[in-house]
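> One structure follows; several queries about it will come next.
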Amino acid sequence: MLYVGALLVCAVLAAAAILLGGVWHRAGAAVLVCGALLVLPLFAGSALYEVYVKTAGERVPAVVLDTGEKRGVKRTTTLSVCRVVDASGKITDLSEQQNCHGQFAPREHVVLHEDPTGLLDPWVEPATGAGTVDGLNLGIAAALFAAAGLGTYSAGVRRRGEKAARPVGRYRAGETVV
């Protein structure tokens, strides 16, 4: 699923760069839009994941069994992990992508938000949490999306305005157009 998202981001980024920078000749708008589109998935992915799982998901009480760290694939990074058990006895290993950043202690009560379709991993939060969505990630994602959209719109409007102002027809070099 990650590869599909990465390919989609690359395709949209390339299309924006070609259209704004190459076809419309709006280099400034192309840099703004491509920068926003490059950073947007970093915030929008986790924000949309959290919104979806918290609104449509099922809240399941659980207890943290153990926390720790594991080495990444290249053995240069350490990642926080949590092992939790829910009320039915199902044991789930959670990583930083599921909101386990080492903030939980063993035997702490938490809440798992599970995807109703079962396609996504559960999201964990403290049992004292209100189940609200983090507004900062969502706000940053909305601002980046708006910057990309407004940059594309303004480049298109400026392009059409200049196209209408140009005189129609062929002129020789040095000829004055009245």
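The values are calculated or read from the model by the stated rules, or taken from the named source; none is laboratory data. Note that the structure is predicted; figures quoted are calculated from it, not measured. Positions of Cβ are generated from backbone atoms using ideal geometry, with glycine treated the same way; all protein chains shown enter the neighbour counts. For accessibility, only protein heavy atoms count, side chains too; no ligands or nucleic acids. Shrake-Rupley method; radii C 1.70, N 1.55, O 1.52, S 1.80 Å.
> Looking at the stretch 22-39, which of its residues are farther than 13 Å from Ser154 by Cα and open to solvent by less than 90 Å² (accessible area, probe 1.4 Å)?
Within the stretch 22-39, Gly22, Val23, Cys34, Gly35, Ala36, Leu37, Val39 meet the criteria.
> Next question, about the same structure. Pairs please, first residue from the stretch 1-17 and free of Cβ contacts under 8 Å to residues at least 40 places away in the same chain, second anywhere and open to solvent by less than 80 Å² (accessible area, probe 1.4 Å), Cβ atoms under 7 Å, 6+ apart in sequence or on different chains.
Val9/Pro41; Val12/Leu37; Leu13/Cys34; Leu13/Leu37; Ala17/Ala30; Ala17/Cys34
> Name the residue that is nearest to Gly45 (Cα to Cα), counting only residues in the stretch 121-130 that are surrounded by fewer than 17 Cβ atoms within 10 Å (Cβ to Cβ) and among the hydrophobic types (A, V, I, L, M, F, W, C).
Result: Ala130.
> In the stretch 93-112, is there at least one residue being part of a strand (DSSP E or B), out of contact with any Leu (no Cβ under 7 Å at 6 or more places or on another chain), open to solvent by less than 60 Å² (accessible area, probe 1.4 Å) and not aliphatic (A, V, I, L, M)?
Here is the first cut: in the stretch 93-112, the ones part of a strand (DSSP E or B) are 93-94, 109-112.
From what is left, the residues that are out of contact with any Leu (no Cβ under 7 Å at 6 or more places or on another chain) are 93-94, 109-112.
Applying the additional criterion that residues be open to solvent by less than 60 Å² (accessible area, probe 1.4 Å) yields 94, 110-112.
Next cut, not aliphatic (A, V, I, L, M) only: none.
No, every residue in the stretch 93-112 fails to be part of a strand (DSSP E or B), out of contact with any Leu (no Cβ under 7 Å at 6 or more places or on another chain), open to solvent by less than 60 Å² (accessible area, probe 1.4 Å) and not aliphatic (A, V, I, L, M).
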